[in-house]
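Below you'll find the structure, written out as structure tokens, and then a few comments.
Quick note: the coordinates plus some simple rules give every number you see, no bench work behind them. In this text the structure is predicted, and so the values were computed from the model without any measurement. Reconstructed Cβ throughout: ideal geometry from the backbone, glycine too, with neighbour counts over all protein chains shown.
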Amino acid sequence: MEDRQTTETQVAALALSELTLPESEIYLTLGYGGTEPQADVRKIIDDVLEEAALRCRPQIAYAFFDGTKTGPASVRIGGSDFQCGRIIGSYLDGAQRFVLFVTTAGAEYDAYLHGLKASGDIVTEYVADAVGSVIAEAAVTEVRRRVEERAAAEGLTVTNPYSPGYCGWHVREQRKLFSLLPEGVCGVTLNDSCLMSPVKSVSGMLAMGRTVVKKPYACDICGMTTCYKRRQRT
Amino acid sequence: MADMEKLYEAVLGGKLEPAVEVTREAIAEGADPKEIINGSMIPAMEEIGKRFQEGKAFVPQLLLSARAMKGALELLKPLLKGDASASVGKVVIGTVKGDLHDIGKNLVASMLEGCGFEVINIGIDVPAEKFVAAVQESGADILCMSALLTTTMTYMKTVIEALEAAGLRDKVKVMVGGAPINRHYAEQIGADGYSDNANSAVLKAKELLGVA
């Protein structure tokens, strides 16, 4: 089968209200593992969310590709070979099509974070940083929701989203991922270290197939004990 | 008379305005600035740090306490001018070249400041020569480096080598931190200390300077 892009890249600018930002995720990202913050911290979260509603312009972009799992730790998508690692590879058995995506909380939110830093208000800066991460992840959830709708129409299921930099997939592979999407998609660029700008952005892949499954949570499949995502949840 | 127990509670509870108010009263009454710091503020920071380590307090609470302490310290600083013993130590902190992550570094900087360190925050995407120059110019006791990516953490070794080349390595302790860093990596690149959170960074910094 020839690996090729099967649709135009879908790009959408969203209102923050179109995303679901679970309070529990914000609390987790702030380090509250299963505990609610006290009233003064909740007030700061509310203030940040209010500001975010005014300023934040999230964007999503995604494209469908044919692809093939080429080995226990590798996959070919759109003609590019990705070394996704054995952990992710093990969840791609039966994958028939792939989606590459980029999401971002946007440049406006980055500017808001910079402004907070300049003000010296470290508490609000920390909360806003966490909220920005949750926004970018919520945008991934929105991509997955859209992909799932389409997959369901074709009788397919969809995996968890997987991103370079996690679960043994090297962050440098973002270069290949971005090369398969339009340049500057969603206003997101990579620097020499493969860091995305705006910082509150996520790139990754979803796989579709008749037998692939969405796992309850990604930390359950990853063996990286020192990862900060795991530390947040313990 | 200023209620120093109230100052302790204000710093512990992260209440900036009461902390500043009591400190102002204490100063007006002629209290010894070092006694205000050592008697009320530092014990409060130690207590919130202890609660954090025990999982009974969380990062935002640490930061609120640090903010309250910093606010009160601002009033005391002019009274401590020329008193070198008023500072626990001098720290240069930055995120290494190629990495734009700010928040983890800023948390550590804020906690160090809140706990009485003088902190020179030289920002993000910092090249080795800028780290070296900052250490040289400030006479820092500790250099803290942060990185959030596996692609940028390797630059920490470059900075340590630059410190060696400049003849500064034995004059400054080096601490590293960030999501992909662990103790093994810190040892491997020749750092003196590693921490995985802002509170333990303070404890490690104090340990390295023998003020724990």
Practice item. Run the quick spin-label model on B:GLU9 and B:SER87: label points 7 Å from Cα toward the beta carbon, then report their separation in nm to one decimal. Key: 3.4
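What is the ratio of the Cα radius of gyration of segment A:95-216 to 2.2 N^0.38 Å, where N is its residue count, to two decimals? Present the calculation step by step, with values, prior to reporting the outcome.
Working: Rg = 15.9 Å, N = 122, 2.2 N^0.38 = 13.7 Å.
My calculation over the Cα atoms of segment A:95-216 gives 1.17.
Calculated from DSSP H runs of 4 or more alone, at -39500 (n - 2.57) each and per residue, what is the 222 nm mean residue ellipticity of chain A, nearest 500? Don't skip to the answer; put the middle values down first.
Numbers: 7 runs with 84 residues, N = 234.
The per-residue figure over chain A is -11000 deg cm²/dmol.
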Review point. How much length is gained on full extension from A:GLU36 to A:ARG55, taking 0.36 nm per residue of separation minus their Cα-Cα distance?
Key: 4.2 nm
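Mind giving me the FRET efficiency for A:ASP121 and B:ASN182? R0 is 41 Å, r the Cβ-Cβ distance, nearest 0.05 is fine.
Working: r = 31 Å, r/R0 = 0.75.
After rounding to 0.05, the efficiency reads 0.85.
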Exercise for review: Between A:SER17 and B:LYS34, take the C-beta separation as r, use R0 = 51 Å, and let me know the FRET efficiency to the nearest 0.05.
Suggested key: 0.45
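What does the charge dipole of chain A about its Cα centre add up to, to the nearest 20 debye, if the Cβ of each Lys and Arg holds +1 and the Cβ of each Asp and Glu holds -1? Mind showing how you got there, number by number?
On the way: 25 positive and 29 negative charges, 174 e Å.
Using only the charged Cβ atoms, the result is roughly 840 debye.
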Practice item. On each of the three principal axes of the Cα atoms of segment B:4-84, give max minus min coordinate, whole Å, ordered largest first. Key: 37, 26, 17
Check your understanding: If exposed trypsin sites (Lys or Arg not before Pro) are those in a DSSP loop with at most 13 other Cβ within 10 Å, what is the longest stretch of chain B that has none?
Key -> B:82-212
Exercise for review: Working from Cα positions, state the angle (0 to 90°, nearest 10) between the long axis of helix A:39-55 and the longest principal axis of chain A.
Suggested key: 60
Point to revise | Packing-based exposure ordering (other Cβ within 10 Å, fewest first) of B:PHE131, A:PHE82 | key: A:PHE82, B:PHE131
Review point. From the square roots a ≥ b ≥ c of the eigenvalues of the alpha-carbon gyration tensor of chain A, which class results: rounded (a/c under 1.5), prolate (a/b over b/c), or oblate?
Key: prolate
**Study point:** Lys, Arg +1 and Asp, Glu -1 on Cβ, resulting dipole of the protein assembly as shown about Cα centre, debye, nearest 20
**Key:** 1300
Point to revise | Spin-label proximity, A:VAL213 to segment A:80-119 - amide N less than 15 Å from point 7 Å beyond Cα toward beta carbon | key: A:90-95
Check your understanding: If each Cα of segment B:86-212 is one equal point scatterer, what is log10 of I(q)/I(0) from the Debye formula at q = 0.23 Å⁻¹?
Key -> -1.52
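Normalised by the empirical 2.2 N^0.38 Å for globular proteins, what value does the Cα Rg of chain B take?
On the way: Rg = 17.5 Å, N = 212, 2.2 N^0.38 = 16.8 Å.
Normalised by 2.2 N^0.38 Å, the Cα Rg of chain B equals 1.04.
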Check your understanding: Using the beta-carbon distance between A:GLU108 and A:ASP46 and R0 = 25 Å, what value does 1/(1 + (r/R0)^6) give for FRET efficiency, to the nearest 0.05?
Key -> 0.80
Point to revise | Whichever aspartates and glutamates have a C-alpha closer than 19 Å to that of B:LYS157, once near sequence neighbours (fewer than 8 apart) are set aside | key: A:ASP192, B:ASP99, B:ASP125, B:GLU129, B:ASP141, B:ASP170, B:GLU187, B:ASP192, B:ASP196
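Please average, across the residues of B:90-103, the number of beta carbons from any other chain that are within 10 Å of each residue's own beta carbon, and give a whole number.
Working: counts 0, 0, 0, 0, 0, 0, 1, 2, 5, 3, 8, 3, 6, 12.
Taking the mean over all residues of the peptide, I get 3.
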Review point. Counting only Cα, what are the radius of gyration and maximum Cα-Cα distance Dmax of segment A:73-162, in Å?
Key: 17.6, 52
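Quick check on segment A:1-133: take the gyration tensor over C-alpha atoms, sort the square-rooted eigenvalues as a ≥ b ≥ c, and tell me if it's rounded (a/c under 1.5), prolate or oblate. Could you put the intermediate results ahead of the total?
Working: a/c = 2.96, a/b = 2.02, b/c = 1.46.
The shape class here is prolate.
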Point to revise | Volume per residue of the C-alpha convex hull in the protein assembly as shown, rounded to whole Å³ | key: 138
**Study point:** For A:HIS114, B:HIS184, order by how many other beta-carbon atoms lie within 10 Å, fewest first
**Key:** B:HIS184, A:HIS114
Study note, to complete from the structure: Between the residues A:GLY78, A:ALA153, A:VAL185, the Cα farthest towards the positive end of the dipole of segment A:10-232, that dipole coming from +1 and -1 charges on the beta-carbon of Lys, Arg, Asp and Glu, is from A:GLY78
